[in-house]
Amino acid sequence: MTRPKRGTDVPVRITTASAGAGADIASRQKRYVITMGVRTLCFVAVAVLAMTHAGPGWLPWIFVVGAVFLPYVAVVMANAASTKSDGFELRDDSSQDKQLPPGADSE
């Protein structure tokens, strides 16, 4: 009984295997929390600059833009899957490389 062919079966090297689901979720949550923390700092900066009238007039607007667009960035970064690639392709079995001859003990 042979295994049914599926499109292009590409072998996976262990060095490019993805991390476990728990580690992947933890890294996504970490990126999301860091980005939303920066967003919170933007809101605090806008409040402080508005109350103290410190800095140039355009400075609070930069923090407002950050506070508005960082949730989108946080969600995109949290949903981005981490992929590993070492840049090398696996060779197929039809390689023409020189091979050692069978040993004297082999049958």
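What the table below lists for this structure:
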| quantity | calculated |
| --- | --- |
| Inter-residue pairs, beta-carbon under 6 Å, first surrounded by fewer than 16 Cβ atoms within 10 Å (Cβ to Cβ) and in region 31-45, second at pLDDT 90 or above and assigned to a helix (DSSP H, G or I), 6+ apart | PHE43/ALA67 |
| Residue in region 76-91 that is of a type in the set (Gly, Ala, Ser), in a helix (DSSP H, G or I), at negative phi and at pLDDT 85 or above present | no |
| Residue satisfying condition, being in contact with a Lys or Arg (Cβ under 7 Å, 6 or more places away or on another chain) and either among the hydrophobic types (A, V, I, L, M, F, W, C) or modelled with pLDDT of 85 or more (or both), within set LEU70, LEU49 | LEU70 |
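The values are calculated or read from the model by the stated rules, or taken from the named source; none is laboratory data. None of the values given here were measured: they were computed from a predicted structure. All Cβ positions, glycine included, derive from the backbone under ideal geometry; neighbour counts span all protein chains shown.
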